Each structure stands twice: as structure tokens, then as C-alpha cells.
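J.: Below: one structure in C-alpha cells.
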Amino acid sequence: MKKLLKVSLGALLLCGSTAMAQSDWPNRPVVMVVPFPPGGVVDTVARPVAEAMGRYLKQTVVVENKGGAGGGLGMAHVARATPDGYTILMALPSISIIPQADKIVGRSPMYQLSSLTPIARFTADPTVLAVRADSPWKTLDQFVAHARQKEVSFGSSGIYGTLHVFMEAFRAEADLKMLHIPYTGAGPSIAGLLGGQIDSMAVSPASVMQHVKSGRLRVLAHWGDEPLQVMPELTSLNDAGYAVQFAQWTGMFVPTGTPSAAIEKLRLAAKAAATDPKVRETIEKAGVPVKYLDTPEFRKYWEKDAAKLTLTVEKIGKVE
């Protein structure tokens with residue numbers, strides 16, 4: 001009986017300490033991993049969101065850029081992190097692409113989708129087709145006509161990254177001759193476009209609006225299914241006769257197995273950030289419309305989007 005009482009008391013103390021640890025969460029800074037270099041849409045969204053979440057949680061949320069492999073290195077880092085709520089991820093749709101792409105090229109997947117749990121979506125914006133303003137293409141038709149006859153280069157955030165897959169889908173649909181030049185993120189790719197190292201790229205409007213306004217870049221079309229908020233006059237590829245529609249969203253994830261108490265606090269902090277007027281103004285001023293989805297809705301959205309992207313990657317097949 002004494003032994004049983006000791007075991008029972010120990011179990012109660014353990015449960016009590018675990019509950020206390022979860023109720024006290026967070027008691028140190030939280031790291032938000034951005035799996036790309038600074039300058040891209042994820043970084044643009046992550047920084048004001050992290051600041052607002054930190055205010056809600058009363059702990060600093062530190063943005064840490066871990067670029068490489070089209071975002072795969074940073075995503076794998078979070079998927080393997082201790083599931084305690086102190087390591088979170090701000091990701092793009094490439095989170096759904098990379099495991100399937102790894103299989104196609106014969107690699108062991110860097111992570112599995114089941115290793116990450118969705119918390120919230122913050123934005124969803126179709127990418128645009130961008131070229132330099134001094135390029136010979138002033139319209140989508142001119143670009144397509146040229147690329148059907150002569151090879152046109154395009155940059156991306158990395159092989160099988162979101163921007164790469166979107167452009168590959170367009171290339172296949174329009175039967176274009178294109179050369180892929182991968183970079184370590186959208187920011188470096190934009191620099192390559194501005195510097196003349198590449199001819200074109202698929203990119204978030206937020207990442208290039210300043211260059212469009214300054215007259216250095218031109219956009220020819222977008223991948224969406226409705227008019228863009230920042231450029232309502234811009235035609236969609238679908239309306240132009242090319243059946244490709246994608247949105248580049250930003251969403252927050254945690255390692256699967258994160259305690260429910262931490263997940264719930266992160267969920268509430270994410271909602272507070274997404275509805276914060278200052279955060280919305282900062283993000284939308286950069287050209288990205290806030291389209292928040294809470295955890296249940298985002299989970300359903302992600303499942304549908306991931307299935308669509310997986311099929312797209314299968315159709316594209318192995319690329320170098």
C-alpha cells in the first residue's frame with residue numbers, strides 16, 4: 001500500500017508539474033523560423049506578425065531566417081525541433097511541395113507533412129509574372145510568343161520551391177522554352193532579375209511592388225482566380241487561356257506533438273496579430289492582402305491545397 005501511495009503521489013506531482021509548465025508557457029522567447037533569406041513575402045509577413053504575437057504572449061518572438069533548398073532546410077529544422085511551442089514556422093505553399101519533390105528525385109524526404117501542424121493562415125495572394133521594364137515584352141502575348149521561339153530564363157527561390165513550381169506549370173501549359181536559374185530565396189532572385197542575370201520570374205506582388213512603382217520592373221499577368229487587390233487591371237493566366245491557378249499564402253505551423261496548451265495560446269496570438277490594425281496596415285502597404293484563416297479552416301484549406309500541389313509536382317516530374 002505504501003509503495004502504491006508513493007507511485008500515485010509521484011504521478012500526481014508529475015502531472016501537476018507538467019500542467020504548471022504548460023500553463024506558464026511561454027516563459028522564454030519563441031523562435032519563428034522563416035525558411036528563406038530576408039526580402040521575400042514570408043519575411044515581409046513574419047516580422048510584423050512576430051512583433052504583435054510577442055506583445056500578446058508577453059515574450060519576444062524572434063524571427064530567424066534559415067534559407068536553403070527552396071525552403072526545405074528551414075521547414076525540416078522545425079519539423080525536427082522539440083515540440084514544446086518554442087520553435088514555430090512561417091511557411092509558403094512549398095511546405096506541401098518539397099516532400100513530394102524529394103520522392104520524385106529519389107531522395108529521402110527532408111520531412112513529412114504529418115510532422116507539422118497548422119495554426120493559422122495570414123495571407124493568400126497570387127504570384128505575378130515579372131520582367132524588367134527595359135525588356136522587349138510589354139504584354140503577356142509578346143512574352144509567350146517569344147518564349148515559344150527562343151529560350152527565356154527565369155529565377156526562383158530554389159528547385160521545386162513555390163515560385164519554381166508555379167512557373168513550371170505555366171511553362172508546360174503554354175509550351176514555352178524556359179531555362180530555370182534557382183536562387184536561395186525570392187530576395188536573391190529579384191536581385192538577379194533587376195541585375196539582368198535572369199529574364200523573368202514568378203513572384204509575390206509584395207516583393208516587387210516597389211520596383212514596379214519605381215519603373216524598374218513590369219508585371220504581365222498573375223496566377224490567381226480573381227482580380228489582384230493592388231493591380232486590379234492585371235490579367236490572369238487563366239483568363240488568357242492558360243489553366244494554371246495558384247495562391248502564394250503564408251501560414252504558421254508547429255512541430256506535431258506540441259502541447260495543446262501552447263497551440264491554443266499560439267492560435268490566439270496569431271489571431272490577435274492578424275486582426276491588429278498596425279499589422280494589417282504594414283502587410284497590406286507592402287502589397288499583400290491579409291486573408292486570415294483560423295486553425296480549423298486553415299487545416300481544411302491546407303489539405304486541399306497540398307493535394308493540388310502534389311498532383312502538379314507529379315505532372316512536372318523530375319527536373320534538374
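J.: For a quick check: with amide H placed at 1.01 Å from N, whose amide H comes under 5 Å from R132's, ignoring anything fewer than 5 positions away on the same chain?
T.: R218
J.: Taking the Cα centre of region 170-320 as the origin, how large is its charge dipole in debye, to the nearest 20, when only Lys and Arg (+1) and Asp and Glu (-1) carry charge on their Cβ atoms?
T.: Using Cβ point charges on Lys, Arg, Asp and Glu, region 170-320 gives about 360 debye.
J.: Rounded, prolate or oblate: pick one for region 128-211, where a ≥ b ≥ c are the square roots of the eigenvalues of its C-alpha gyration tensor, a/c under 1.5 means rounded, and failing that, prolate if a/b is larger than b/c, else oblate.
T.: Because a/c hits 1.5 or more and a/b fails to exceed b/c, region 128-211 counts as oblate.
J.: Build a GNM of the chain with springs between Cα atoms under 10 Å: which of F166, F36, F143 gets the top mean-square fluctuation?
T.: In this elastic network of the chain, the residue with the biggest mean-square fluctuation among F166, F36, F143 is F143.
J.: Same structure, new question: Assuming 0.36 nm per residue, please report the length gained on full extension of the stretch L311 to Q142 beyond their Cα-Cα distance.
T.: Roughly 57.9 nm would be gained on extension.
J.: Please report the orientation-averaged projected area of region 121-273, defined via the convex hull of its C-alpha atoms, in nm².
T.: Hull-based average projected area comes out at 10.2 nm².
J.: Which percent, to the nearest 5, of DSSP beta bridges fully inside the chain are antiparallel?
T.: Looking only at bridges with both residues in the chain, the antiparallel portion is about 60 percent.
J.: Can you compute the charge dipole magnitude of region 136-196 about its Cα centre, using +1 on each Lys and Arg Cβ and -1 on each Asp and Glu Cβ, nothing else charged? Give it in debye, rounded to the nearest 20.
T.: I would put it at about 140 debye.
J.: A further question on this structure: Kindly state, to the nearest 0.05, the FRET efficiency for A272 paired with E303, given R0 = 22 Å and r defined as their beta-carbon distance.
T.: The value I calculate is 0.30.
J.: Related question: In Å², and per residue, what accessible area does the chain have when probed at 1.4 Å with the other protein chains present?
T.: Spelled out: the 1.4 Å probe surface of the chain, per residue, equals 44 Å².
J.: A further question follows. Would you please classify the overall shape of region 56-194 from the alpha carbon gyration tensor, given that a ≥ b ≥ c denote the square roots of the eigenvalues, rounded means a/c under 1.5, and beyond that prolate means a/b larger than b/c while oblate covers the rest?
T.: prolate
J.: Long-range amide H contacts for I181: which residues qualify at under 5 Å (H placed 1.01 Å from N, peptide plane, sequence gap of 5 or more or a different chain)?
T.: Amide H neighbours of I181, under 5 Å, 5+ apart: F154, G155, S156.
J.: Would you kindly work out the equivalent ellipsoid of the chain from its C-alpha gyration tensor and give its semi-axes, the square roots of five times the eigenvalues, largest first in whole Å?
T.: After diagonalising the Cα gyration tensor, the semi-axes are 40, 21, 15 Å.
J.: Also: Just how far, in whole angstrom, is region 189-206 from region 109-154 if you go by their alpha carbon centroids?
T.: Cα centroid of region 109-154 versus Cα centroid of region 189-206: 10 Å apart.
J.: For R216 and I104 in the same chain, what is the full-extension length gain: residue separation times 0.36 nm, less their Cα-Cα distance, in nm?
T.: Computed gain between R216 and I104 is 36.6 nm.
J.: Roughly how many debye, to the nearest 20, is the charge dipole of the chain about its Cα centre, given +1 on each Lys and Arg Cβ, -1 on each Asp and Glu Cβ, and no other charges?
T.: 1020
J.: Compute the distance in nm between two label points, each set 7 Å from the Cα along the Cα-to-Cβ direction, one at A191 and one at D134.
T.: 2.0
J.: For M231 and S260 in the same chain, what is the full-extension length gain: residue separation times 0.36 nm, less their Cα-Cα distance, in nm?
T.: Additional length available on full extension: 6.4 nm.
J.: Please find the FRET efficiency linking V319 to E284, where r is the Cβ-Cβ separation and R0 is fixed at 45 Å, and quote it to the nearest 0.05.
T.: Efficiency computed from Cβ-Cβ geometry: 0.85.
J.: Considering the dipole of the chain built from charges on the beta carbon (Lys and Arg +1, Asp and Glu -1) around the Cα centre, which of T312, M252, V62 is farthest to its positive end?
T.: Looking along the dipole axis, the top candidate is V62.
J.: Return the carbon/sulfur percentage of the accessible area of the chain, one whole number, probe 1.4 Å, all protein chains in place.
T.: Roughly 55 percent, rounded to a whole number.
J.: Could I ask something else about it? So what's the back-of-envelope 222 nm ellipticity for the chain, counting only DSSP H runs of four-plus at -39500 (n - 2.57) apiece and dividing by all residues, rounded to 500?
T.: -14500 deg cm²/dmol
J.: Just want to confirm a number: the relative contact order over region 20-144, from Cα pairs under 8 angstrom separated by 6+ residues, in percent.
T.: Rounded, it is 24 percent for region 20-144.
J.: Once you sort the root eigenvalues of the Cα gyration tensor of region 217-320 as a ≥ b ≥ c, which label holds: rounded (a/c under 1.5), prolate (a/b larger than b/c) or oblate (the other case)?
T.: oblate
J.: Let me ask something additional. So how do 53-61, 170-178, 69-77 stack up, highest first, on mean other-Cβ count within 10 Å?
T.: 69-77, 53-61, 170-178
J.: Charges on Cβ only, +1 for Lys and Arg, -1 for Asp and Glu, centred on the Cα centroid of the chain; of A52, L194, A130, which one is farthest towards the dipole's positive end?
T.: A52
J.: Of the residues G287, G241, G40, which exhibits the maximal mean-square fluctuation in a Gaussian network model of the chain defined by a 10 Å Cα contact cut-off?
T.: G241
The values are calculated or read from the model by the stated rules, or taken from the named source; none is laboratory data. Note that the structure is predicted; figures quoted are calculated from it, not measured. Reconstructed Cβ throughout: ideal geometry from the backbone, glycine too, with neighbour counts over all protein chains shown. Ligands, DNA and RNA are stripped out before the accessible areas are found, and what is left, the full protein with its side chains, is counted by its heavy atoms. Shrake-Rupley method; radii C 1.70, N 1.55, O 1.52, S 1.80 Å.
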